[in-house]
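Accompanying notes for the structure given below.
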Amino acid sequence: MFVRRQVLLAAGAVAAAAAAVPACAQEEAVKIGLIVPMTGGQASTGRQIDNAIKLYMQQKGDTVAGKKIEIILRDDAAVPDNTKRLAQELIVNEKVNIIAGFGVTPAALAAAPLATQAKVPEIVMAAGTSIITERSPYVVRTSFTLPQSSTIIGDWAAKNGIKKVATLTSDYAPGNDALASFKEHFVAGGGEIVEEVKVPLANPDFAPFLQRMKDSKPDAMFVFVPAGQGGNFMKQYAERGLDKSGIRVIGPGDVMDDDLLNNMGDAALGAVTAHLYSAAHPSQINKEFVAAYKKAFNNRPGFMAVGGYDGIHLIYEALKKTGGDATGDKLIAAMKGMKWESPRGPISIDPETRDIVQNIYIRKVEKVDGELYNVEFATFEAVKDPGKTKK
Amino acid sequence: MTTLFTILFDGVAYGMLLFVLACGLAVTLGLMNFVNLAHGAFAMAGGYICAVLVNNSGWPFFAALPLAFVASAAIGMVLERTLYRHLYARSHLDQVLFSIGLVFMSVAAIDYIMGSSRVFIKLPAALEGQFDFFGVGIGRYRLMIIVICGLLTVALQLILARTRFGSRLRAAVDDPRAAIGLGINVPQVFAFTFAFGCGLAGLGGALSAEILGLDPYFPLKFMIYFLIVVTVGGSSSITGPFLASLLLGIGDVAGKYYVPKMGPFVIYTIMIVILIWRPNGLFGRTAAR
């Protein structure tokens, strides 16, 4: 019933926006095809991105550089086949100028060849595998890459008295990315991996894997599971008494997504993760962003929402720079090297890789005003994607 | 050594859970010869009913469990009378198409009403955590599952073997025509049995929310597991599915613990080996009906 209320609210917001703009936009519009999962297991990603974009357009208006911005929302349910078909339809039939969204890595990869062929910018707002931006010169990313956060947490763990780590990661591209970059940095820093378990992506029960973690007696366990599974994982982590046996949870921040964190219960307290965004980020911009988001959608924004918010901001700014010219090559050129202050902190687009450069924060789960938050306590500034700087 | 027992314990709990979830299907598929792929939808209904009662209405967990059973059974009863009844005499393909359609409708309906993210049921503190029993880690919640499911199994076996209803059901299954001739109201017996099976699934769904996770895709995700239990166990009694559930539960947990790389394949391997050895399942009838 929460959702129904949200839908009503959102519908109301759209109606209000539509009413506010009279039909005087005879200027051609800039069309953005937004492809995100709105149903299925990844639906929370799509909803956050969609919400954030609506919020941004409410705040900044829907006209930029004389062009009206039009969002065409499509649901791919995180199935790459759908993504490809929808991207093609949007580009060919709707003649969109930009495609955006992409909840999971396979979806972003499926659309990349189309972006190249049609010379349409593809703004990746969620997917986090390193290789995505290399698949097309038209891909620009405003989310994050998993190596960004995983290498940082690896360095941090090695320097902060964690000697033995057991890893538990989901067995698919982002999980393997996270594991590889964590391992490399943690072992280089003098740490030791005592146990390595890859869990199947569709995994009903974590029990046997967690038992293995417990028996290997590490100082901490490195965890990456996709955003939706974090809650289930933490429940079983507590059930098995791992919190009491002194095994800390560390990892990239996906597990502790703000979207789910507050429902995880006190077992999550003390978990240390490295990530790009926390709803508790202490900047003025973020406070305003969180307050506006909460007011509009009755929920806390997570890092996916920020990816969407920055993505639409990037599009707006690029259009301003080109004076409303929405040809693919000009937009991409305008986006390269762009810098701005996001709710997550200062970020920029790397002119060489078109990938995001951002601060990675080390955060610990604490109780603030009776709610669980990731409280940031250390900052690694302007981190580029380590998956690419290596080469 | 103690780890072995913990693994065994977790496996038994998982198996028991599978049994409660799947035994209703064993009844409809095995006894009534109806392919009901929508069985998981009733489990999901029970899970969500329990979640809403506990989380939103503040019911105690143990009061919500029986209600999950009753409500799912009631839904099952209504659907049996209105929809399922017409398909008993139809071909298996019709039954499959009908019930899979029902699954998709239930997925979409729950997604619309409750949202697509996972739902957790707030548990009483007494059920959380683990305690040590001579060095063996025993999860409280899993222990409760074993106790509840164990009692249920015994009760089911007694009902089927000892009560008048049990003998009527067995008679209705063995030879419906003769049973009707003897004055047994066969459709009523089937309706009641179907509803009972749905109720058990609902209870299983409520119990499994904590361990398997409850989301709108539950009926699709676990359909395979239910079918494996029934095919491996054979469909002549409930002992077969019971043993099959335990075997699969322990095999799955132990497999994931000892050979994590092969983990997901273990139960399928067990299934294939058993079916090659005994094509009608562990306790199957020799002639397919």
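The values are calculated or read from the model by the stated rules, or taken from the named source; none is laboratory data. Just so we're clear, the structure is a prediction, and the values are computed from it rather than from any experiment. With ideal geometry, Cβ positions are generated from the backbone for all residues, glycine too; neighbour counts draw on all protein chains shown.
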TODO: Name every residue in segment A:255-276 that is in contact (Cβ under 8 Å) with a residue 40 or more places away in the chain and either away from chain B (no Cβ under 14 Å) or on the phi > 0 side of the Ramachandran plot (or both), in order of residue number.
DONE: A:256, A:269, A:270, A:271, A:272, A:273, A:274, A:275, A:276
Open item on the list: With the requirement that a residue be within 25 Å of residue B:55 (Cβ to Cβ) and more than 13 Å from chain B (Cβ to nearest Cβ), what does segment A:239-253 give you?
Closed with: A:249
Task: For residue B:265: the one exception among (1) within 12 Å of chain A (Cβ to nearest Cβ); (2) in a loop (DSSP other than H, G, I, E, B); (3) of a type outside the set (D, E, K, R) - done: (2)
Task: segment A:191-215 residues that are more than 9 Å from chain B (Cβ to nearest Cβ) and under 13 Å from residue A:225 (Cβ atoms), paired with ones that are in a loop (DSSP other than H, G, I, E, B) and modelled with pLDDT under 85 (beta carbon under 6 Å, 6 or more apart) - done: A:201/A:172; A:210/A:240
- [ ] Go through segment B:126-157 residue by residue and tally those that are outside any helix (DSSP H, G or I), within 11 Å of chain A (Cβ to nearest Cβ) and among the aliphatic types (A, V, I, L, M).
- [x] 1
Task: Tally of residues being of a type in the set (A, V, I, L, M, F, W, C) and assigned to a loop (DSSP other than H, G, I, E, B) across segment A:64-80 - done: 4
TODO: Look through A:162, A:131 and report the one residue that is at pLDDT below 90, within 23 Å of residue A:351 (Cβ to Cβ), of a type in the set (A, V, I, L, M, F, W, C) and surrounded by fewer than 24 Cβ atoms within 10 Å (Cβ to Cβ).
DONE: A:131
Task: Among the candidates B:97, B:65, B:93, B:123, residue that is assigned to a helix (DSSP H, G or I) and under 20 Å from residue B:218 (Cβ atoms) - done: B:65
Task: Of all residues making up segment A:338-391, the number that are in a loop (DSSP other than H, G, I, E, B) and more than 20 Å from the chain's Cα centre (by Cα) - done: 6
Task: Residues within segment A:81-125 that are out of contact with any Pro (no Cβ under 6 Å at 6 or more places or on another chain) and assigned to a strand (DSSP E or B), tallied - done: 6
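Show me the helices (runs of 4 or more DSSP H) found entirely inside segment B:171-249 where at least 3 residues are more than 14 Å from chain A (Cβ to nearest Cβ) and touching a residue at least 12 places away in the same chain (Cβ under 8 Å). Reasoning before the result, please.
Numbers: elements: B:176-181, B:186-212, B:218-233.
Here the list reads B:186-212, B:218-233.
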Open item on the list: If residue B:139 meets every condition in (1) touching a residue at least 40 places away in the same chain (Cβ under 8 Å); (2) under 22 Å from residue B:201 (Cα atoms) apart from one, which number is that one?
Closed with: (2)
TODO: Please verify whether segment A:309-326 includes one or more residues that are charged (D, E, K, R), surrounded by 23 or more Cβ atoms within 10 Å (Cβ to Cβ) and touching an Asp or Glu at 6+ places or on another chain (Cβ under 7 Å).
DONE: no
TODO: For segment A:75-83, state whether one or more residues are surrounded by fewer than 20 Cβ atoms within 10 Å (Cβ to Cβ), in contact (Cβ under 8 Å) with a residue 60 or more places away in the chain and over 20 Å from residue A:307 (Cα atoms).
DONE: no
